[in-house]
Amino acid sequence: MAEAFAAIPCAQLPALLAAMPKAELHMHIEGSLEPEMIFALAQRNSVTLPYPSVEALRAAYAFTDLQSFLDIYYAGASVLLTEQDFYDMAWAYLQRAAADHVVRAELFFDPQTHTARGVPMQTVILGLSRACRDAQAQLGVSAALILCFLRHLSEDEALQTLQDALPWRDHFIGVGLDSSEVGHPPEKFQRVFARARDMGLHVVAHAGEEAPPEYIRQALDLLKVQRIDHGVQAVRDKGLMQRLARERMPLTVCPLSNQKLQVFPDLRDHPLKALLDAGLCATVNSDDPAYFGGYVNDNLRAMFAASNMDARHAWQLAANSIDASFAPPADKAAWRAQLDECFTEAAAPGAA
Ligand SMILES: [Zn+2]
């Protein structure tokens, strides 16, 4: 299918990237908190922030690695206290997603970041879930939640978190694994992932963002994940690349995150095109957009500006994102038809 779009001129790419229907599969909802909203919620909830102004907070977003980001990320999340706070945060993101022509959003959330501060699980889940419901009804965006375990904490704490979330089992579709990667390999979480799989939940995990390809192998073999979040370190392991391509294992790649956290400081060195050309099911996502300088369309725009990818890659990325989502098959088929229509129109003689 993609070959048919080779003739679409590069000048049309920015508009096409923006307009094409796409799924966003790697987005931490707490990472969508813009500094302005952090300050507004801090005021609403009488929380004192360690930064005097919006500008001072934004200026602190100069990260050297994953941990330097996480320290500020957890400080930002401290303003979230009520169900309405979680709703407002998710609703702000979902409006931006709709504007970016995201048709499906699977949102990560970190309950342990909130329950550790005394916020009840129910407050977190019900606030986020209500925003997802409203997104479908008011924005036409299909949205779902994935509960993530913080990997710098113990597996027992992850098991307890899953247990505590069970009364709201219908409000999330899967589990994931995030936070500080190096030193916290997937093998640490085998029991809780087995438990989640037994419950019929989808399973994904961050692997191979900063840590070596071995973490990706562990996520596949020990956690039996259905998607790898990031996974960019796979380029260091030829055998693993071949396996990921053969198994069509989706990778949720986040270019601006990789750039800001110094994984690939220059996007011209980013392996996205190499992953696609090797037949991997790579997708583009925003990770923590408020902190890394852009939402999903910003990521696509920056990545295409820094590489010689063409319309075939654009179509493939959108097709991959829809295929790799956990949406019902009928929805996926409808979005794929919309995608093909979007590109067929752009490829028609006289289109500009
Ligand atoms: Zn992430």
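Output the residues belonging to segment 288-301 that are within 24 Å of E345 (Cα to Cα) and not acidic (D, E). Walk me through it before giving the result.
Kept after step one, since they are within 24 Å of E345 (Cα to Cα), are these residues of segment 288-301: 296-301.
Correct list: V296, N297, N299, L300, R301.
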2 or more residues more than 16 Å from the ligand (Cβ to nearest atom): qualifying helices (runs of 4 or more DSSP H) within segment 202-278: 213-221, 238-246, 272-277
Pair list, Cβ < 7 Å and 6+ apart or interchain, from segment 203-219 residues that are touching a residue at least 24 places away in the same chain (Cβ under 8 Å) to residues that are part of a strand (DSSP E or B) and away from the ligand (no atom under 13 Å from the Cβ): V203/G174; V203/V175; V204/G174
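Quick check on my filter: what residues within segment 299-352 are part of a helix (DSSP H, G or I) and under 18 Å from L107 (Cα atoms)? Even if it seems obvious, please write down each step before you answer.
Going through segment 299-352, the residues part of a helix (DSSP H, G or I) turn out to be 299-305, 311-324, 329-347.
Within segment 299-352, N299, A318, N320, S321, I322, D323, A324, D331, K332 qualify.
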Search result, residues across segment 175-203 that are on the phi > 0 side of the Ramachandran plot and surrounded by 16 or more Cβ atoms within 10 Å (Cβ to Cβ): S179
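The rows are residues; the columns are (1) more than 22 Å from the chain's Cα centre (by Cα); (2) of a type in the set (F, W, Y); (3) buried (at least 22 other Cβ atoms within 10 Å of the Cβ).
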{"position": "L300", "(1), (2), (3)": "no, no, yes"}
{"position": "A305", "(1), (2), (3)": "no, no, no"}
{"position": "M309", "(1), (2), (3)": "no, no, no"}
{"position": "A314", "(1), (2), (3)": "no, no, yes"}
{"position": "A330", "(1), (2), (3)": "yes, no, no"}
{"position": "R336", "(1), (2), (3)": "no, no, no"}
{"position": "C342", "(1), (2), (3)": "yes, no, no"}
Of all residues making up segment 129-178, the number that are within 15 Å of T113 (Cβ to Cβ) and small (G, A, S): 3
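Starting from residues that are aliphatic (A, V, I, L, M) and either under 21 Å from F292 (Cβ atoms) or touching a Gly at 6+ places or on another chain (Cβ under 8 Å) (or both), keep the ones in segment 230-248 and report whichever is surrounded by the most Cβ atoms within 10 Å (Cβ to Cβ).
First pass over segment 230-248, keeping only residues aliphatic (A, V, I, L, M): 232, 234-235, 240-241, 244-245.
Now drop any that are not either under 21 Å from F292 (Cβ atoms) or touching a Gly at 6+ places or on another chain (Cβ under 8 Å) (or both), which leaves 232, 234-235, 244-245.
Numbers: V232: 25, A234: 30, V235: 18, L244: 26, A245: 15.
Once the filter is applied, the top-ranked residue is A234.
With the condition kept exactly as written, say whether any residue in segment 35-56 is within 16 Å of the ligand (Cβ to nearest atom), more than 30 Å from T344 (Cβ to Cβ) and not hydrophobic (A, V, I, L, M, F, W, C).
Going through segment 35-56, the residues within 16 Å of the ligand (Cβ to nearest atom) turn out to be none.
There is no residue in segment 35-56 that is within 16 Å of the ligand (Cβ to nearest atom), more than 30 Å from T344 (Cβ to Cβ) and not hydrophobic (A, V, I, L, M, F, W, C).
Give the residues of segment 174-201 that are away from the ligand (no atom under 16 Å from the Cβ) and not in a loop (DSSP other than H, G, I, E, B), sorted by residue number.
Taking segment 174-201 first, the residues away from the ligand (no atom under 16 Å from the Cβ) are 183, 185, 187-188, 190-201.
Within segment 174-201, E187, K188, Q190, R191, V192, F193, A194, R195, A196, R197, D198 meet the criteria.
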Those residues of segment 145-161 which are outside any loop (DSSP other than H, G, I, E, B) and either surrounded by 20 or more Cβ atoms within 10 Å (Cβ to Cβ) or at pLDDT below 95 (or both), in sequence order: L145, I146, L147, C148, F149, L150, A158, T161
Output for segment 13-38, where each listed residue is modelled with pLDDT under 95 and either in a loop (DSSP other than H, G, I, E, B) or more than 24 Å from the chain's Cα centre (by Cα) (or both): L33, E34
Test result for S325, away from the ligand (no atom under 16 Å from the Cβ) and within 22 Å of I29 (Cβ to Cβ): yes
Flag for R117 being surrounded by fewer than 16 Cβ atoms within 10 Å (Cβ to Cβ) and at pLDDT below 95: yes
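The values are calculated or read from the model by the stated rules, or taken from the named source; none is laboratory data. Predicted, not measured: the structure shown is a model, and the values here were computed from it. With ideal geometry, Cβ positions are generated from the backbone for all residues, glycine too; neighbour counts draw on all protein chains shown.
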